[in-house]
Amino acid sequence: MSKRGWLLFLGMGVIWGVPYAMIRVAVREFDPVFVAFGRTFLGALVLLPVALSMKVLMPALRQWRWVLVYTVVEITGPWLLIGHAETKLTSSTVGLLIAAVPLIAIVLTTRMGHERLDMRRILGLVIGFAGVTALVGLDIDVSNLGAMAAIGVSVIGYALGPIIIDRKLADLPPIGVVTGSLIFAAAIYLPFALWRMPAHFPAGPTWSVVGLGLVCTAVAFVVFFALIGEVGPSRATVITYINPAVALLIGVSLLDEPLTAGMAIGFPLVIVGSIIGTARAKAQVKEPAPA
């Protein structure tokens, strides 16, 4: 990976490790759909003038069908579902479960014929899913299976998003795609957010939504598209090596969340499995060409 790739990788790992704690704080007072709307609306508000001045929004909107598909699988579904999950689960647990994204990406790209499932990848999948099993089996109460299902759907969406970008949206200007996606997402959330509008806006949750919109959305998506362009879709999802560590550190140190046996056993297994499963073979010199 190039120096630029490493900088983008580390930056994204931190930027997208922080949101789990912010979401946890926000959903204590606000409905998850309002949190998701606030995040997308603020992100779109920041990026729209930039996209218009660069004249990149309309080219993206000409491919509105794929932009909308990307919006649903990468933003609308996951951000709402993760918010609901964090009303039941700690931010640390959610962050660690999201670390399974590279494992799902391996399965999806293999099934689509973009990559080959060799013994190394199989070993990575087995180790990684053993870690998820340990985390779920030791930490998740049976009453929280709905939250678990929400995270499962979100993981699939996060794995599909970069593939859609690489296969269908790679030729479009990234800022235009991001801005269009956030506008679509905010529009989808709007009627539900109005219905669940909070009566009061406490400082902590309000600033969490602002941070989610400005830093973890507007800035983050620009960096994420640059990362995909630099290293490809499968390896771009490997930012989840760092995300869960950041989420765990913040959750335990700032939100007083417990450090459990499931985390101690499952986290290393998921990370090791993802590293083994997504590492390039020595003979492989570039990402597969778009289909």
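Miscellaneous remarks
- Only the Cβ atoms of Lys and Arg (+1) and of Asp and Glu (-1) were treated as charged; on that basis the dipole of segment 43-194 about its Cα centre amounts to roughly 460 debye.
- Label point distance in nm, M54-D256, each placed 7 Å from Cα along Cα→Cβ: 4.3 nm
- Span-rule helices in the chain, defined as complete DSSP H runs reaching 20 Å or more along the axis (Cα) with Kyte mean at least 1.6: 32-54, 145-164, 174-195, 261-278
- 1.4 Å probe accessible area per residue over segment 39-103, in Å²: 40 Å²
- Stretched out straight at 0.36 nm per residue, the stretch from V107 to L138 would grow longer than its current Cα-Cα span by 8.7 nm.
- The relative contact order of the chain comes to 43 percent, based on Cα pairs under 8 Å that sit 6 or more residues apart.
- Rg to Rh, two decimals, where segment 36-190 supplies the alpha carbon set and Rh follows Kirkwood: 1.03
- Cα gyration tensor shape for segment 69-123, rounded if a/c is under 1.5, else prolate or oblate: oblate
- Residue of G83, G157, G229 that the Gaussian network model of the chain assigns the largest fluctuation, springs spanning Cα pairs under 10 Å: G229
- Here is the list for segment 1-107: trypsin sites (Lys or Arg not before Pro) lying in DSSP coil, each with at most 12 other C-beta atoms within 10 angstrom of its C-beta, are K55, R62.
- Overall form of the chain: oblate. Here a/c, set by the Cα gyration tensor axes a ≥ b ≥ c, is 1.5 or more, and a/b is not larger than b/c.
- Shape category assigned to segment 128-236 from the gyration tensor of Cα positions, a/c cut at 1.5: oblate
- Cα extents of segment 1-114 along the three principal axes, largest first (Å): 41, 35, 30
- Counting only Cβ charges, +1 for Lys and Arg and -1 for Asp and Glu, the dipole size of the chain around its Cα centre is about 860 debye.
- Considering only P191, A170, A150, and ranking their Cα positions along the charge dipole of segment 88-214 that arises from unit charges at the beta-carbon of Lys, Arg, Asp and Glu, the one farthest toward the positive end is A170.
- A Gaussian network model of the chain, with springs between Cα atoms under 10 Å, assigns the largest mean-square fluctuation among A26, A147, A36 to A147.
- Projecting the Cα positions of V67, V272, V210 onto the charge dipole of the chain (unit charges on Cβ atoms of Lys, Arg, Asp and Glu, taken about the Cα centre) puts V67 furthest along the positive direction.
- Simple point charges give the picture: +1 on the Cβ of Lys and Arg, -1 on the Cβ of Asp and Glu, and for segment 26-106 a dipole about the Cα centre of about 280 debye.
- Judged by the mean number of other Cβ atoms found within 10 Å, the most tightly packed of the peptides 246-255, 209-218 leads the ranking 209-218, 246-255.
The values are calculated or read from the model by the stated rules, or taken from the named source; none is laboratory data. All of these numbers come straight from a predicted model, not from anything done at the bench. Every residue, glycine as well, gets a Cβ built from its backbone with ideal geometry; the counts of neighbours run over all protein chains shown. SASA here: full protein model, heavy atoms, side chains in, ligands and nucleic acids out. Shrake-Rupley method; radii C 1.70, N 1.55, O 1.52, S 1.80 Å.
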